[in-house]
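Below: one structure, written as structure tokens.
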Amino acid sequence: MKLAALTYCIALLFSCQNKAQTTIETTNNSSVPMATQSIYQFKVEDLSGNTFDFASLKGKKILIVNTASKCGYTPQYEQLEAIYNKYKNKNLVIIGFPANNFLWQEPGTNAEIATFCKSKYGVTFPMMAKISVKGKDMHPIYQFLTQKKLNGVLDSKVEWNFQKYLINEKGQLEQVYLSGVKPNDEKIINWIEK
């Protein structure tokens with residue numbers, strides 16, 4: 001019985017690292033018609049229950065990431081925080097959306113998630129309330145991020161925790177990077193700095 005429980009725990013820990021190792025990448029160009037919608041239309045709830053209005057981010061680059069506290073990719077919080085601290089005064093905002101869609105790797109309440117992020121990784125970038133990023137109960141902001149008919153750029157599917165959506169200064173989707181691409185990957189840093 002103990003061996004079975006240990007095996008399950010190890011499988012759960014490493015399952016996240018075996019998912020979504022590739023990259024979805026797209027670059028906006030003039031031949032791709034842009035959607036009339038933008039990220040600025042959304043208001044969401046943060047971990048404290050306050051309203052967060054994406055319209056307040058006009059003119060900034062935004063990196064949106066779905067997070068989980070019990071995933072093999074959870075240490076990416078550290079890199080996300082480092083990037084946020086380096087670039088937050090240079091027009092970048094990172095927004096985290098906790099989600100429990102993949103092997104129940106984010107079981108906590110909003111308060112528990114806030115405590116975990118602060119105590120374990122010192123997270124200071126905005127963290128939103130836990131949502132669903134796939135399925136029938138997918139949050140509208142993730143419908144926008146994953147559906148070309150709404151974002152005007154790309155259909156995508158959230159493959160796993162810590163998938164990254166890059167939004168330009170006009171509130172439009174530019175690129176999507178899967179979980180295996182680290183937040184400090186050269187491609188992401190180049191996008192931030194361009």
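The values are calculated or read from the model by the stated rules, or taken from the named source; none is laboratory data. None of these values were measured; they are calculated from a predicted model. Methodologically, a virtual Cβ is constructed for each residue, glycine included, from the backbone with ideal geometry; neighbour enumeration extends over all protein chains shown. Please note that ligands, DNA and RNA were not included when accessible areas were found on the heavy atoms of the full protein model with its side chains. Shrake-Rupley method; radii C 1.70, N 1.55, O 1.52, S 1.80 Å.
Our compactness index for segment 41-194, the C-alpha radius of gyration over the empirical 2.2 N^0.38 Å, is 0.95.
Could you check how much of the accessible area of segment 89-184 is carbon and sulfur, as a whole percent, using a 1.4 Å probe? For segment 89-184, the apolar C and S fraction of the accessible surface comes to 51 percent.
Each peptide in 51-63, 157-169, 96-108 receives the mean, over its residues, of other Cβ atoms within 10 Å, and ordering these scores from highest gives 157-169, 96-108, 51-63. The accessible area of residue 48, taken with all protein chains in place and a 1.4 Å probe, comes to roughly 100 Å². For a test of the definition: using alpha carbon positions, the gyration tensor, and the 1.5 limit on a/c, classify segment 33-82 as rounded, prolate or oblate. Note, shape of segment 33-82 comes out prolate.
Using only the Cα atoms of segment 142-194, build the gyration tensor, take square roots of its eigenvalues as a ≥ b ≥ c, and label the shape rounded, prolate or oblate: rounded if a/c is under 1.5, else prolate if a/b is larger than b/c, else oblate. Taking the square roots of the gyration eigenvalues as a ≥ b ≥ c, segment 142-194 is oblate. Put simply, the amide H of residue 175, placed in the peptide plane, has neighbours under 5 Å in 166, leaving out anything fewer than 5 places away on its chain.
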